[in-house]
Amino acid sequence: MAVSGFEGFEKRLELHFFGDDPVVDNMGLRLLDFESLVKVLNAVQCTVVSAVGNHYFDAYVLSE
Amino acid sequence: SSLFVYPTKIIIKTCGTTQLLKSIGPLLHYACNLGLTLCSCRYTRGSFIFPKSQPFPHTSFKEEVIYLEENLPSNLCYRKASVMPSKMTSHSWHVFTASDQTHIVSQNDDLYTIEVCMTELDRVMAHKFFQPPGDGKNGDIAGKEMTKLTGIGDINPGAIICDFAFDPCGYSMNGIDNDRYSTIHVTPEDGYSYASFECVGSIFDDNDDIAEVLKKVVQVFRPATMSVSTTCASHEVWTRVANAVEPLGMKCRSCAVDEFPDSGSVVFQTFTVRRK
């Protein structure tokens, strides 16, 4: 390992879901509260440093 | 690192010694609480620079695949793992996909994903991702300055950009343009400089769109080596990649193709600077 802990190459995971409830399908995973996202990111060992969203999706810049 | 949350899709991309696959369990749990069921999974990565430093379950691709197999629900029964080689043994593309029957049927998606990994960045360009010592600017402000200074903001002028500069160096950005994302991550340290770019496009876009984007990306970083992975369900987008990059002085050294049940074709190309 380099002194800085550097490892540039990323790992990428993409998951697709489906649901029967059209109300949930409309917002779906975007209904997850921030606390739940933080718990997911804790498992990965990342934190949110910046965020933005629009009508279609939410985007988060993470630490690391 | 970046996280994108759509109503029925989530993309998480992390570097360093993060334990990305450990997000699967909690994500499935929270999605289940919302009445959502997983129907497909795609995991990709390049070759680690320091593989021995990666923690479980990332100690090897074999270990990662075992972890995925054990932690994905059984309805995702169409599974495939592949290591796509290149002429440079340090640049291989690792792909695992899993899907259920529903997702296979609906795979005629017009969208494609392009993942670019660049190493040996031009030193002058890489230096722009260092913060001046003691300037006291926070990550948001310094990030915005880097976005402007480097030309990253011009790659897609129509996108809303969320950017962040790390102290003392490094940079991440997410671009959002209607329903499409793009993302860039940079670690500029000399000796192991690295930048990644990723975006989505549609096969119905103008042929020149992705070519123009790739040209701008290459000009921002001027890498000596670059790999491009193109994932597309129904169309050969990868030919546009070489057509965009080779006029900029890079030569395609290898090209590997594989088919996956839910993703369609994955094409992995590597480029190096053409010798003068």
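Structure notes:
- Pair list, Cβ < 6 Å and 6+ apart or interchain, from region A:28-39 residues that are at the interface with chain B (Cβ under 7 Å from one of its Cβ atoms) and within 14 Å of residue B:28 (Cα to Cα) to residues that are among the β-branched types (Val, Ile, Thr) and in a loop (DSSP other than H, G, I, E, B): A:28/B:8
- Extreme residue, nearest to residue B:252 (Cα to Cα), among residues of region B:118-135 that are of a type in the set (A, V, I, L, M) and surrounded by 13 or more Cβ atoms within 10 Å (Cβ to Cβ): B:118
- Strands (runs of 3 or more DSSP E) contained entirely in region B:3-87, each with at least 3 residues that are at the interface with another protein chain (Cβ under 7 Å from one of its Cβ atoms) and under 24 Å from residue B:173 (Cβ atoms): B:9-14, B:36-45
- Residue in region B:177-189 that is modelled with pLDDT under 95, not in a strand (DSSP E or B) and not aliphatic (A, V, I, L, M) present: yes
- Pair list, Cβ under 9 Å, 6 or more apart: region B:205-223 residue exposed (fewer than 15 other Cβ atoms within 10 Å of the Cβ), other residue in a loop (DSSP other than H, G, I, E, B) and aliphatic (A, V, I, L, M): B:212/B:155
- Considering region B:243-259, the residues that are of a type outside the set (D, E, K, R) and in a helix (DSSP H, G or I) include one that is farthest from the chain's Cα centre (by Cα), namely B:247.
- Taking (1) in contact (Cβ under 8 Å) with a residue 60 or more places away in the chain; (2) in a loop (DSSP other than H, G, I, E, B) in turn, residue B:126 satisfies each apart from (2).
- Count - residues of region B:260-276 that are under 15 Å from residue B:218 (Cα atoms) and in a loop (DSSP other than H, G, I, E, B): 1
- Count - residues of region B:227-256 that are in contact (Cβ under 8 Å) with a residue 60 or more places away in the chain and under 24 Å from residue B:206 (Cα atoms): 11
The values are calculated or read from the model by the stated rules, or taken from the named source; none is laboratory data. Every value quoted in this text rests on a predicted model; they were computed, and no experiment measured them. With ideal geometry, Cβ positions are generated from the backbone for all residues, glycine too; neighbour counts draw on all protein chains shown.
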